[in-house]
Amino acid sequence: MSKVELTKEDKKRLDKFLSAAAIYGKTTPIEYTSCDKESGKYYIEINNQSNKVKKIIKYIYTEYYQILSTESKETTLICLSLPESEEFDFACDHDRSVKAWRYYQNMCGTSLTSENSAYYYNETIEVNGDVSFNFGYDSHKYFRSIVRNSNLSDNEKQNTYDLLNCCALHNYEPINFSLMPVTGNLQAAKQKFGNDRFDTFIYTLDLFYNGGELPLCQGGNMAVENRRILRDTLNSFDDVYDFCEKLCFIQNKYLVNKLIQSGKKPILEIDRVNEYIDLAILVWTERSRQTRFPGSNE
């Protein structure tokens with residue numbers, strides 16, 4: 001990769017993108033750093049402007065981001081890949097992009113079908129994409145705060161910061177995506193129980209399959225009919241292992257058990273941050289080894 005300085009035309013195009021995303025305001029201007037002409041990637045740095053960072057990271061054109069710290073400031077480096085056309089589509093999330101659906105098709109084969117812009121697993125369960133391990137900006141900052149307040153040495157802290165940045169690199173990669181049933185709004189349950197933590201979601205699913213329907217099917221303001229639909233949707237899978245294999249692309253039962261055990265516990269100490277990072281890497285490694293239906297995404 002060969003990075004070069006941005007031209008006036010490059011900066012003008014980035015200005016148009018950021019303005020279209022309603023990111024520009026009366027705050028400090030964004031610093032454009034460089035670009036890679038061959039791959040079409042643009043690199044920008046933002047200092048201490050959390051709201052602006054979160055807005056940019058949200059959009060599909062974010063390839064990855066990293067949080068870089070010095071003694072005097074914290075900078076977020078963001079890599080953008082803008083579309084070839086001048087049209088900017090802000091309605092599509094990373095886990096619902098064309099790239100993501102190709103990955104799901106590769107993992108599901110003919111079990112995943114499409115009709116009227118909707119996707120179905122086994123023709124009956126409407127599904128959508130979902131980011132498994134949330135290493136988005138807010139979660140990343142939360143984990144960094146635990147590291148910062150820990151008793152680790154400076155070198156150990158830096159090593160953990162580097163690992164978190166590594167996880168941020170993969171946050172919007174297909175190996176961090178699962179399929180989530182739309183029917184019954186299971187996504188809302190994942191966000192509610194455990195603050196969108198993947199391991200806690202798997203733990204809650206395990207409770208359901210062992211007779212504990214209350215957390216998923218009885219909580220919140222969910223209508224009675226939706227609760228029944230959600231229960232029936234989940235019961236179409238044999239157990240948590242079947243669900244994980246078919247929609248989360250995890251075939252290793254030992255790994256599912258590790259997720260369940262981790263999901264029972266809060267993340268308040270540095271050891272738990274490291275455990276969560278290790279789990280993410282194990283899941284990504286498991287998924288990267290699988291090519292279930294080669295050629296089905298072509």
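Scanning segment 143-171 for residues that are within 25 Å of VAL256 (Cα to Cα), open to solvent by 20 Å² or more (accessible area, probe 1.4 Å) and over 12 Å from the mean Cα position of the chain (by Cα) returns LEU163, CYS166.
Can you give me the number of residues within segment 209-226 that are assigned to a helix (DSSP H, G or I) and either open to solvent by 50 Å² or more (accessible area, probe 1.4 Å) or at pLDDT below 90 (or both)? The total comes to 7.
The set of residues from segment 1-21 being under 10 Å from TYR32 (Cβ atoms), open to solvent by 70 Å² or more (accessible area, probe 1.4 Å) and part of a loop (DSSP other than H, G, I, E, B) comprises just one member, GLU5. Please work out if THR291 is modelled with pLDDT under 95 and open to solvent by less than 50 Å² (accessible area, probe 1.4 Å). For THR291, the condition - modelled with pLDDT under 95 and open to solvent by less than 50 Å² (accessible area, probe 1.4 Å) - is not met.
Considering segment 51-73, the residues that are farther than 19 Å from SER19 by Cβ and at pLDDT 80 or above include one that is surrounded by the most Cβ atoms within 10 Å (Cβ to Cβ), namely TYR65. For the structure I just gave you, tell me whether ASP95 is in contact (Cβ under 8 Å) with a residue 24 or more places away in the chain and among the acidic types (Asp, Glu). In short, yes. Name the residue that is modelled with the highest pLDDT, counting only residues in segment 227-248 that are in a helix (DSSP H, G or I) and exposed (fewer than 15 other Cβ atoms within 10 Å of the Cβ). Restricting to residues being in a helix (DSSP H, G or I) and exposed (fewer than 15 other Cβ atoms within 10 Å of the Cβ), the top hit is ASP242. For segment 122-142, the tally of residues that are out of contact with any Leu (no Cβ under 8 Å at 6 or more places or on another chain) and either in a helix (DSSP H, G or I) or open to solvent by 20 Å² or more (accessible area, probe 1.4 Å) (or both) stands at 11. Buried (at least 17 other Cβ atoms within 10 Å of the Cβ), of a type in the set (Phe, Trp, Tyr) and in a strand (DSSP E or B): does that describe TYR119? Judged against the criteria, TYR119 is a match.
The values are calculated or read from the model by the stated rules, or taken from the named source; none is laboratory data. None of these values were measured; they are calculated from a predicted model. Positions of Cβ are generated from backbone atoms using ideal geometry, with glycine treated the same way; all protein chains shown enter the neighbour counts. Ligands, DNA and RNA are stripped out before the accessible areas are found, and what is left, the full protein with its side chains, is counted by its heavy atoms. Shrake-Rupley method; radii C 1.70, N 1.55, O 1.52, S 1.80 Å.
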